[in-house]
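J.: The structure that follows is given in the form of structure tokens.
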Amino acid sequence: MAGGWAGYRVMTMSYQSINPYNGKLLKKFKELSDKQLETALKTAAAAYETWRMKSFAERAKVVTRAGAIMKMRLNDFARPVTLEMGKLIDQARGEVQLSADIIEYYAKNAERFLAPQPLAPLVGEAEILSTPLGVLFGVEPWNFPYYQLARFAAPNLMAGNVVMVKHAGCVPQCAIAFEELWLEAGAPQGVYTNLLISYDQVNRVIDDPRIKGVALTGSVAAGQAVAARAGQNLKKSTMELGGSDAFIVLEDADLEQTVKWAVWAKMNNTGQCCVAAKRFIVVESLADAFLEQFQKALGGLQPGDPMDPATTLGPLSTEAALVTLLDQIKRAVAQGAKLVLGGHRIDRPGAFMEPTILTNIEPSNPAYREEFFGPVALFFRVKNEDEAVALANDSEFGLGGSVFTRDVARGRRVASRVETGMMFVNHPTWTSPELPFGGIKNSGYGRELASLGIQEFVNKKLVRVAPIDAAA
Ligand code: NAP
């Protein structure tokens with residue numbers, strides 16, 4: 001399969017924990033040898049043969065235990081998140097809790113979601129069964145080091161699949177902790193496997209006939225590479241990619257409340273969320289007041305140790321992430337954008353970036369179409385609701401989005417007109433186990449979470465029973 005994957009890096013990469021708060025290397029991990037990878041694939045394939053035969057109740061026992069362990073040891077799980085990618089410690093705890101909730105949600109609901117669906121044929125009987133596919137492969141990002149894994153693993157393990165995961169290079173300790181969780185919960189070896197592997201090995205895993213489906217959460221470039229490879233192998237895939245979500249403020253919004261949500265929507269996880277608000281689109285009559293209050297609130301955040309609960313501005317995940325953002329800002333300004341706040345690295349050790357607001361971004365500016373993955377807000381002024389919707393839709397992305405208005409019917413109307421996978425009214429886009437998550441356009445395809453998320457990697461098998469005496 002070498003031919004179809006031109007243009008992307010095939011390189012040996014390293015798995016390293018580096019604390020972005022101070023740049024210190026915490027730990028390095030070796031990649032698997034090809035022989036170790038083959039053993040892991042064999043073990044997973046064998047585990048599938050027994051795991052698929054277990055009842056929902058048996059699988060739920062293990063999965064429920066995994067959720068309970070995460071909750072019981074919330075702080076132990078939260079610490080490496082903060083150490084490896086700089087998430088504020090309270091937010092890291094929140095992520096552990098959310099991941100455990102997702103795990104428990106599927107333990108509780110999977111059997112109901114996958115129950116046989118009777119059909120009503122003209123004669124005889126028919127039903128749709130939901131049966132597992134086999135060993136699945138996930139490629140996951142660092143920004144929510146457990147939540148992303150829980151979204152993929154919990155529904156699929158409950159469906160009777162087994163999973164192998166290549167996690168991001170900068171969060172190996174979280175990746176390993178999550179694998180150990182499943183073993184501790186009583187999952188047989190091979191039911192959940194963490195793979196510290198190179199891009200080249202990623203390709204070989206996708207090509208491997210034992211792998212029956214591929215899920216990726218990450219950037220558009222990674223999605224294109226992995227989806228193409230899965231496509232060449234005619235393997236089902238889901239893609240959860242980037243976004244440039246609109247945060248629409250209409251003239252009848254509650255300004256004070258909206259600004260509070262704007263700060264949260266921009267700064268949660270230091271702006272490193274696929275569904276962070278990235279484009280603030282404000283109707284003229286509120287624009288000046290909104291901008292003034294938003295700027296003041298962002299400017300008041302205090303950089304510091306993300307382990308300290310008093311810190312309100314943590315570092316970015318890596319030095320490389322900071323350099324990328326600074327470069328994007330420089331290019332945006334060179335093309336006519338105006339910096340009204342921030343725009344620079346903070347003068348202290350670590351990957352700290354000033355909260356930033358850019359205005360005057362014309363459609364010809366590269367910033368108009370790019371995703372800014374960090375504490376950078378793009379601010380746009382529009383005349384009215386129609387202009388707001390048109391601007392929101394003028395994007396290659398279509399992940400989430402939000403609209404703020406005191407008129408809920410109007411909010412629903414705007415939500416129905418914005419071309420994205422998820423729209424929230426009077427709340428920033430966010431996630432919960434029972435709400436489906438995913439996008440359209442360059443934000444990918446397929447859904448995770450809720451009942452939709454567990455249907456992606458199951459065989460919807462028709463079983464038709466004809467009457468015994470049916471005429472041939
Ligand atoms: P990324 O560079 O695409 O990395 C994501 C994962 O893909 C990592 O495990 C990475 O491995 C791997 N990867 C990257 N290129 C690859 C390739 N060519 N072949 C095989 N594996 C490859 O993304 P990121 O910058 O870490 O994460 C941020 C992006 O993810 C943003 O665009 C964000 O919006 C998106 N995201 C989307 C969602 C969603 O649900 N829609 C959720 C979170 C994040 P290495 O780390 O080893 O390079």
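J.: Report, ordered by the first and then the second residue, all pairs with beta carbons closer than 8 Å, sequence separation of six or more or different chains, a first member in segment 450-463 that is closer than 12 Å to residue 238 by Cα, and a second member that is charged (D, E, K, R).
T.: Listed by first residue and then by second, the contacts come to 453/151; 453/447; 456/236; 456/447; 456/448; 457/212; 457/236.
J.: Taking interchain pairs and intrachain pairs at least six residues apart, which have beta carbon atoms under 7 angstrom, with the first residue in segment 226-247 and farther than 22 Å from residue 280 by Cα and the second within 11 Å of the ligand (Cβ to nearest atom) and among the charged types (D, E, K, R)?
T.: From segment 226-247, the pairs are 240/448.
J.: Same structure, new question: Counting only residues that are more than 16 Å from the ligand (Cβ to nearest atom), closer than 21 Å to residue 410 by Cβ and among the charged types (D, E, K, R), how many does segment 236-261 have?
T.: Of the residues in segment 236-261, 5 are more than 16 Å from the ligand (Cβ to nearest atom), closer than 21 Å to residue 410 by Cβ and among the charged types (D, E, K, R).
J.: Consider only pairs whose beta carbons are under 8 Å apart and that are at least six residues apart or on different chains; among these, list those whose first residue lies in segment 198-215 and is touching a residue at least 60 places away in the same chain (Cβ under 8 Å) and closer than 16 Å to residue 227 by Cβ and whose second residue is assigned to a loop (DSSP other than H, G, I, E, B) and of a type in the set (Ser, Thr, Tyr).
T.: Taking only residues 6 or more apart or on different chains, the pairs are 199/8.
J.: Quick check on my filter: what residues within segment 157-205 are assigned to a helix (DSSP H, G or I) and either within 20 Å of residue 235 (Cα to Cα) or touching a Cys at 6+ places or on another chain (Cβ under 7 Å) (or both)?
T.: In the first step, residues of segment 157-205 are kept if they are assigned to a helix (DSSP H, G or I); the result is 157-159, 172-184, 199-205.
Within segment 157-205, 157, 159, 199, 200, 201, 202, 203, 204, 205 meet the criteria.
J.: Tell me which residues, restricted to segment 413-427, are without any contact (Cβ under 8 Å) to a residue 24 or more places away in the chain and out of contact with any helix residue (DSSP H, G or I) (no Cβ under 9 Å at 6 or more places or on another chain).
T.: 415, 416
J.: Also: Just one of 40, 47, 115 is assigned by TED's automatic domain parsing to the domain that holds residue 167, without any contact (Cβ under 8 Å) to a residue 40 or more places away in the chain, in contact with a strand residue (DSSP E or B) (Cβ under 9 Å, 6 or more places away or on another chain) and not β-branched (Val, Ile, Thr); which is it? Explain how you work it out, then say what you get.
T.: Details: 40 fails: without any contact (Cβ under 8 Å) to a residue 40 or more places away in the chain; 47 fails: without any contact (Cβ under 8 Å) to a residue 40 or more places away in the chain.
None of the others qualify; the one that does is 115.
J.: Name the residues in segment 136-169 that are away from the ligand (no atom under 16 Å from the Cβ) and in contact with a Ser or Thr (Cβ under 9 Å, 6 or more places away or on another chain), would you?
T.: 159, 160, 162
J.: While we're looking at this one, here's another question. Yes or no: residue 289 within 14 Å of the ligand (Cβ to nearest atom), of a type in the set (A, V, I, L, M, F, W, C) and assigned to a helix (DSSP H, G or I)?
T.: When the stated conditions are applied, residue 289 does not pass them.
J.: So if I check each of 264, 182, which one is more than 14 Å from the ligand (Cβ to nearest atom), surrounded by fewer than 20 Cβ atoms within 10 Å (Cβ to Cβ), closer than 23 Å to residue 144 by Cβ and in contact (Cβ under 8 Å) with a residue 60 or more places away in the chain?
T.: 264
J.: In this structure, is residue 221 small (Gly, Ala, Ser), part of a helix (DSSP H, G or I), within 16 Å of the ligand (Cβ to nearest atom) and not assigned by TED's automatic domain parsing to the domain that holds residue 95?
T.: When the stated conditions are applied, residue 221 does not pass them.
J.: Quick one: would you say residue 284 is under 15 Å from residue 380 (Cβ atoms) and surrounded by fewer than 19 Cβ atoms within 10 Å (Cβ to Cβ)?
T.: Judged against the criteria, residue 284 is a match.
J.: For segment 311-337, give me the residue count where each residue is over 14 Å from residue 372 (Cα atoms), within 13 Å of the ligand (Cβ to nearest atom) and not in a loop (DSSP other than H, G, I, E, B).
T.: Residues meeting the conditions: 0.
J.: Are any residues in segment 418-440 polar (S, T, N, Q) and either assigned by TED's automatic domain parsing to the domain that holds residue 249 or more than 10 Å from the ligand (Cβ to nearest atom) (or both), and if so, which ones?
T.: If the condition is that a residue be polar (S, T, N, Q) and either assigned by TED's automatic domain parsing to the domain that holds residue 249 or more than 10 Å from the ligand (Cβ to nearest atom) (or both), then 420, 426, 429, 432 are the ones that fit.
J.: Now a separate question. Of the numbered conditions (1) surrounded by fewer than 17 Cβ atoms within 10 Å (Cβ to Cβ); (2) touching a residue at least 40 places away in the same chain (Cβ under 8 Å); (3) assigned to a helix (DSSP H, G or I), residue 96 satisfies every one except a single condition; which is it?
T.: Answer for residue 96: the failing condition is (1).
J.: Report yes if residue 242 is of a type in the set (Gly, Ala, Ser) and touching a helix residue (DSSP H, G or I) at 6+ places or on another chain (Cβ under 7 Å), otherwise no.
T.: Yes, satisfied.
J.: I would also like to ask the following. Mind listing whichever residues of segment 112-129 are in a helix (DSSP H, G or I) and either loosely packed, with under 15 Cβ neighbours inside 10 Å or modelled with pLDDT under 95 (or both)?
T.: Passing the criteria: only 112.
J.: Against the definition (without any contact (Cβ under 8 Å) to a residue 60 or more places away in the chain and under 25 Å from the mean Cα position of the chain (by Cα)), how does residue 221 come out, yes or no?
T.: Working: without any contact (Cβ under 8 Å) to a residue 60 or more places away in the chain: no; under 25 Å from the mean Cα position of the chain (by Cα): yes.
Here the answer is no, as residue 221 does not meet what is asked.
The values are calculated or read from the model by the stated rules, or taken from the named source; none is laboratory data. Nothing here was measured: the structure is a model prediction, and the numbers come from that model. Note that we place each Cβ from the backbone using ideal geometry, even for glycine, and neighbour counts take in every protein chain shown.
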